[in-house]
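A.B. asks: Input: one structure, supplied below.
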Amino acid sequence: MIAFNLNKKFYSSHKEVDIRVNAQLEEGKITAIYGKSGAGKTSVLRMLAGLLKPDKGMITVGNDSWYDHKKNHQTKPNKRNIGMVFQDYALFPNMSVLKNIQYGLNSDRNEELVNRIIEISDLGNLLNRMPSQLSGGQQQRVALARAIVRKPRLLLLDEPLSALDTSMRTKLQEEILAMQNLIQTTIVLVSHHLPEVFKLADHVLVMDEGQLIQQGTPSEVFMNDGETQLTGELISSKKEGDQTILKLMVEGKVVSVQLPK
């Protein structure tokens, strides 16, 4: 179990942000932190990583304490067994794809695992290229492979797919699921993209103005009892008589939905 109770106040964009989040995450699962921009999602991720110190609270991962305000204890970021992928990819520009993926692995690295993740990420033909020779989607695949090949206990993803088109986003979602299934790591994913939350997350934390306002499975949080909810990218909306017809992109397919009167 990963448990955290985090409080942090700071100023951002000329307003005070007061983060108060108390949650428990099941290890080996994917948890999404969902909410509008400015809700405090990334700040929670940075506190879990040790890059932002809370004002008070605690973080425990299994039997390990990563942060305890009362005991004045904070484990350094490099001592936490975490992987991190942010929106800017942060690849080393002077290293090939293969060297980026292998960065940080020790001498007893599992070559079979490295090769399997390269296969899942479809990077086999790109291993000798430099980051500047890659598309945005290819760079993101390298960043994901580099983070997960170390088998982190906790993988933190900060809206890593937000800049990608729908088809590439769908492909990388499948790759995240395949890699997570391979090594059974715990993933915390920051997202404001509802279809992505439904597809990837076992559990979701909903934040608003720094506060945790709701949590549960995606269906429990976002669906009303007795109703079916279809989630996807809205392509168009038009009136046909007294009916409204929506066209949605759902998992790479266009679906037409007629709203009830």
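The values are calculated or read from the model by the stated rules, or taken from the named source; none is laboratory data. Predicted model only: the values in this text are computed from it and were never measured. Cβ sites come from the backbone with ideal geometry, for glycine too, and all protein chains shown count toward neighbours.
A.B. asks: Return the residue satisfying two criteria in turn: it lies in the range 78-95 and is assigned to a loop (DSSP other than H, G, I, E, B) and under 20 Å from the mean Cα position of the chain (by Cα), and of such residues it is farthest from GLN139 (Cα to Cα).
C.D. replies: ARG80
A.B. asks: Now, a different point. If you scan the range 1-48, which residues turn out to be more than 14 Å from the chain's Cα centre (by Cα) and of a type in the set (D, E, K, R)?
C.D. replies: Listed by number, the residues that qualify are LYS8, LYS9, LYS15, GLU16, ASP18, ARG20, GLU26, GLU27, LYS36.
A.B. asks: As an exercise: evaluate SER162 against (1) buried (at least 20 other Cβ atoms within 10 Å of the Cβ); (2) at pLDDT below 90; (3) within 19 Å of ALA49 (Cβ to Cβ) and give the number of the one condition it does not meet.
C.D. replies: Every listed condition holds for SER162 apart from (1).
A.B. asks: Has the range 136-157 got any residue that is outside any helix (DSSP H, G or I) and farther than 29 Å from GLY50 by Cβ?
C.D. replies: No, the range 136-157 contains no residue that is outside any helix (DSSP H, G or I) and farther than 29 Å from GLY50 by Cβ.
A.B. asks: Might you let me know whether the range 44-53 holds any residue that is over 21 Å from GLU159 (Cβ atoms), in contact with a strand residue (DSSP E or B) (Cβ under 6 Å, 6 or more places away or on another chain) and surrounded by fewer than 16 Cβ atoms within 10 Å (Cβ to Cβ)?
C.D. replies: no
A.B. asks: Evaluate the following for LEU98: is it assigned to a loop (DSSP other than H, G, I, E, B), under 30 Å from MET168 (Cβ atoms) and assigned by TED's automatic domain parsing to the domain that holds GLN180?
C.D. replies: no
A.B. asks: I'm trying to understand the selection: among the residues of the range 112-128, which are surrounded by fewer than 16 Cβ atoms within 10 Å (Cβ to Cβ) and farther than 15 Å from LEU182 by Cβ?
C.D. replies: Those that are surrounded by fewer than 16 Cβ atoms within 10 Å (Cβ to Cβ) and farther than 15 Å from LEU182 by Cβ: GLY124, ASN125, LEU127, ASN128.
A.B. asks: Quick test of your reading of the structure: SER96 fulfils all but one of (1) farther than 29 Å from VAL206 by Cβ; (2) modelled with pLDDT under 90. Name the failing condition by number.
C.D. replies: Tallying (1) farther than 29 Å from VAL206 by Cβ; (2) modelled with pLDDT under 90, SER96 fails exactly one: (2).
A.B. asks: Could I ask something else about it? I need the full set of residues from the range 216-236 which are of a type in the set (Ser, Thr, Tyr), at pLDDT below 75 and more than 11 Å from LEU194 (Cβ to Cβ), in order please.
C.D. replies: Within the range 216-236, THR228, SER236 qualify.
A.B. asks: Just need a number here: residues in the range 21-65 that are closer than 13 Å to MET1 by Cα and not in a loop (DSSP other than H, G, I, E, B).
C.D. replies: 10
A.B. asks: Still on this structure, please answer the following. Among the residues of the range 102-111, is any closer than 20 Å to LEU177 by Cβ, modelled with pLDDT under 90 and of a type outside the set (D, E, K, R)?
C.D. replies: no
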